[in-house]
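Notes follow once the structure below has been shown.
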Amino acid sequence: MSCCLKAVFSVSGSNETIIKNRPIGYLGVTPSIVTIQFAHSKSKQFMGKPLEFSDQKIGSNWNAKAPRYTPVNAQASICISKALRWWEKTLKPNMIDIHSAQELVDYLLNAGDRLVIIDFYSPGCGGCKALHPKICQLAESNPDAIILKVNYEELRTMCHSLHIHVLPFFRFYRGAEGRLCSFSCTNATIKKFKDALAKYGTERCSLGPTKGLEESELLALASSGQISRKLQPNVTEEDNKKEKEGLVLKEVKLSNTYGKEETKMGVKEGNTVLMA
């Protein structure tokens, strides 16, 4: 490390003082002055005059201060982008991933009169992968429709309860009408999907509560513990009370006068059947 030194020479018998400067170092450290005094004890020639050196007194006082550094707070952030899988690409706002049977039931019941399309797919299905971009385009051109995407591999038990065995598979629902149609199609038979969308995609008002899944499907999901029995539609506390009391309206098969069985509605109270 280079620094600046100032040497002051006092010449005996004269008032001459010689100051020699050295360059300041790159850290800007400047030590205090070093003074060297000469006496007449030893002879030397300096600028034509005899010089004598006495005991050399060198006083040095280094008040070196470390340079001040301005603290710099640096933050490094590393962003690792996760590549989207094919069923996650080009999704539209009206395309929703379903992760449980209860979530599927809730979306169907809360959709009102909007058209709801359930898209059953599998990550390893080549036909599903090829069809996915076109389904996204149709979802974008029909923003009022809701497309619920169900991963077969993730919800295999639910798909079995709904009797889904072919992929890709689609179901159309709307309000009180419940299921409108269901079919399987591929990239080559996309016309099925477009025709169903044109037929059922127009605005309409359906009277009555939203139906959603069929009652048999709800029972299958409830029996396997995938949904709560209390949250099943069309089942009220009054119905549960009547069922406990044995006052339930059920279908009863009876033989008529010709020996053929007829199905009629009746109320079962204990072991007695009261015809409606």
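The values are calculated or read from the model by the stated rules, or taken from the named source; none is laboratory data. What you see is a predicted model, and the numbers here were worked out from it, not measured in a lab. Don't worry about glycine lacking a Cβ; one is built from the backbone with ideal geometry, like all the others, and counts go over all protein chains shown.
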- Message: Of the residues R204, R179, only one is within 16 Å of A111 (Cβ to Cβ), basic (K, R) and in a strand (DSSP E or B); which?
- Response: R179
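Which of the residues that make up region 83-125 are part of a loop (DSSP other than H, G, I, E, B), among the small types (G, A, S) and out of contact with any Ser or Thr (no Cβ under 7 Å at 6 or more places or on another chain)?
Pass one, region 83-125, residues part of a loop (DSSP other than H, G, I, E, B): 83-85, 89-94, 99-100, 111-114, 122-125.
Still in the running and among the small types (G, A, S): 83, 100, 111-112, 122, 124.
The answer is A83, S100, S122, G124.
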- Only one of these conditions is not met by E154: (1) in contact with a His (Cβ under 8 Å, 6 or more places away or on another chain); (2) free of Cβ contacts under 8 Å to residues at least 12 places away in the same chain. Which number is it? (2)
- Message: Scan region 96-113 and tell me whether some residue there is of a type in the set (A, V, I, L, M, F, W, C), farther than 25 Å from R229 by Cα and surrounded by 20 or more Cβ atoms within 10 Å (Cβ to Cβ).
- Response: no
- Query: Which residue pairs have Cβ atoms under 8 Å apart, sit 6 or more places apart or on different chains, and have a first residue in region 168-179 that is in the same structural domain as A196 (by TED's automatic domain parsing) and within 13 Å of C205 (Cα to Cα) and a second that is among the aromatic types (F, W, Y) and surrounded by fewer than 21 Cβ atoms within 10 Å (Cβ to Cβ)?
  - Reply: R174/Y200
